[in-house]
1. Could you tell me whether Val228 is more than 31 Å from the chain's Cα centre (by Cα), part of a strand (DSSP E or B) and surrounded by 13 or more Cβ atoms within 10 Å (Cβ to Cβ)?
2. Being of a type in the set (Ser, Thr, Tyr) and more than 30 Å from Met79 (Cβ to Cβ) is the filter; apply it to the stretch 492-551 and report the residue that is surrounded by the most Cβ atoms within 10 Å (Cβ to Cβ).
3. Does the stretch 251-282 hold any residues that are of a type outside the set (Phe, Trp, Tyr) and not in a loop (DSSP other than H, G, I, E, B), and which are they?
4. Restricting attention to the stretch 338-354, report how many residues are farther than 24 Å from Gly316 by Cα and not in a loop (DSSP other than H, G, I, E, B).
5. Only one of these conditions is not met by Ser416: (1) of a type outside the set (A, V, I, L, M, F, W, C); (2) out of contact with any strand residue (DSSP E or B) (no Cβ under 9 Å at 6 or more places or on another chain); (3) modelled with pLDDT of 80 or more; (4) surrounded by 11 or more Cβ atoms within 10 Å (Cβ to Cβ). Which number is it?
6. For the structure I just gave you, tell me whether Leu88 is surrounded by fewer than 20 Cβ atoms within 10 Å (Cβ to Cβ) and part of a strand (DSSP E or B).
7. Within the stretch 306-326, which residues are in contact with a Leu (Cβ under 7 Å, 6 or more places away or on another chain) and surrounded by 15 or more Cβ atoms within 10 Å (Cβ to Cβ)?
8. Looking at Gly290, Gly297, which is the one that is farther than 16 Å from Ile167 by Cβ and buried (at least 17 other Cβ atoms within 10 Å of the Cβ)?
Amino acid sequence: MEENRETKIGEEEARKALAILEKYKQGKKTLNQRLIDNEEWWRMRHWERFDKKNTNKEAIKPASAWLINSLMNKHADFMDNYPEANILPREESDKETAKLLSEIVPYIVDRNEYKSVYSSAVWQKIKMGTGIYGIFWDSQKENGLGDISIRRCDPLKMYWEPGIDNIQDSRNLFYLNVMDNDLIEQSYPQMQGKLQDTLISVEDYLTDDYVDNTGKTLIVDWYYKKIVTGESGGMPVTKTVLHYCKICNGIVLYASENDPKMRDGWYQHGMYPFVFDMMFPIENSPYGFGYLDIMKGCQEYIDKLGQSILQNSLAGSRPRYACKDGAGFNEEEFTDLSRDIVHYNGSCSDLLPLKVAPLSSIYWQVYLGKIDELKETSGNRDFSQGATTSGVTAASAIAALQEAGSKLARDMIDGSFQAHQAVIYMVLELIRQFYTSPRVFRITNKTGSEEFVTFDNSGMQPQDIGIDFTGMMAQRKPVYDVTVTAQKASPFTKISQNELAKEMYNLGFFNPQLADQALACLDMMMFDGKEEVMQKIAQNGTLYQQMQQMQQTMSQMAAVIAQSTGDMRLLDAVGAMGPGKQPIVSGGSSKSAQLDAMGNATREAASSTAGKARERAAKAATPKGAE
């Protein structure tokens, strides 16, 4: 395809891009403040948000961890269902490549320490509302050969077009980074002497450490999409391409449109290299809100009620007295509990104890009610954490309640599986674009054995399929489907799966004689791994039918031999293996003995028949007088 390549990216285009960035910053200002506030809640420093004037520095400020506990349980649900992708072909000719990709892609993902990236993005999703994955091609990896890099991205450093629902719909996308000046000058010699200490306008979280940005400069990664037109096979074609530009202090460090090798697009898949894993959606925004946003209002009143209850308890547990002015009490001796005698000049009535009015029990009930409300709104009930109430003691009942109470977890995990699917699709497209040289991968089979395979992108490139209606050569681009499952199921799922397997065994599902009935029943059931179970039962049924046919053939052959020889032992063996007896495939010592007996009888009968035939031939060849 040919396109218009007159556009160049210079300082004027960079200036316009930075102006767009400032507009995007204004549109994202409220979201950035919410993200910073949520991080303070996560660090249990929300009292600074309640009392901004800090009017009472001596007041008790309890920070209970009910919200933190709920978030930790959500994160545990995600990690119990760590995703695993399987690549499937859409056409028969792509099966071999898809099989290799199913083995290679997990290896590439593991080399990026994806489990750590996934865990970090999940924390981001729970706390902030959306986890962001970045899928890039890193030309510095593998000693300059280059490879795929998967990272978690900070939402405070990313800016998109306000008012969109999908990040891919944004006209521009910016990601900000801070880099040391000496490294910039080393990587980009054109910046020598042009870097100055300027105020870096990047939003950041509140930290305990003092972050010194002296000697650092802001780097802007600008991604943008363009619609280009051209011709392909004599037909007009319009497509959207992605371009990339790196800007520092208004100077263009790199632009894909200025690079002859990348003028057709930075990434050929034409998408921004970011995947958003949203928790709860918000209209007209690609960034959602998370469980912390739901629970922090309830947690606020839990802590405020706890503050009142604790203050009342401390006031009631500490005796206080009212002393009349001039009463003559020695306050130092009175407050010293180690002294046995306290001197005074006045009357005993001049010193009166102060009574603290205790709080009514209704306030304690309200406090517990707010805790229950937080558990209900977050779906973090007692059963989800392994706790039980009175009357529920059976392990199966507890497991059933835990499984039923995890539907919220299953729903949010399914959203992360969809995000993981999008990540793998981008990984496949980067393999298609950049894996031009053969690479060797170590693959570990399920049996534990290792093998080394060589792979490149030749099997993923467009393939000629013949002449189309325009008289031009038509091409087909191999497309793959990605399915995502949990690599390691939760303990609750394992218990239910094990119970189901034992129940199937007791009902005779694995009896080869009942294969047809078992398959009909399984066809109406829904559980993970059903296809594999049906395949094994079908194989057992087929094996049983083959053994039955072999048994019938052997019986017929044995009967023919027995009739020709008159050997009753073979007839007895045939009768023992006849209709109504136990099938051969069920195994057992008696069946083996029957097979051995029939085999021995058959061999003896055959030997006897051969001996009689030799005797008849010898008699025929001997002259009558020689007998």
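1. Criteria met by Val228.
2. In the first step, residues of the stretch 492-551 are kept if they are of a type in the set (Ser, Thr, Tyr); the result is 493, 496, 505, 542, 544.
Pick out the ones that are also more than 30 Å from Met79 (Cβ to Cβ) and you get 505, 542, 544.
Details: Tyr505: 11, Thr542: 12, Tyr544: 19.
Looking at the filtered set, the residue picked out is Tyr544.
3. Once the filter is applied, which keeps residues that are of a type outside the set (Phe, Trp, Tyr) and not in a loop (DSSP other than H, G, I, E, B), the stretch 251-282 yields Ile251, Val252, Leu253, Ala255, Ser256, Glu257, Asn258, Val275, Asp277, Met278, Pro281, Ile282.
4. Residues flagged as farther than 24 Å from Gly316 by Cα and not in a loop (DSSP other than H, G, I, E, B) within the stretch 338-354 amount to 1.
5. (2)
6. Here the answer is yes, as Leu88 does meet what is asked.
7. Ile309, Asn312, Cys323
8. Values: Gly297 fails: buried (at least 17 other Cβ atoms within 10 Å of the Cβ).
After ruling out the rest, the residue left standing is Gly290.
The values are calculated or read from the model by the stated rules, or taken from the named source; none is laboratory data. What you see is a predicted model, and the numbers here were worked out from it, not measured in a lab. With ideal geometry, Cβ positions are generated from the backbone for all residues, glycine too; neighbour counts draw on all protein chains shown.
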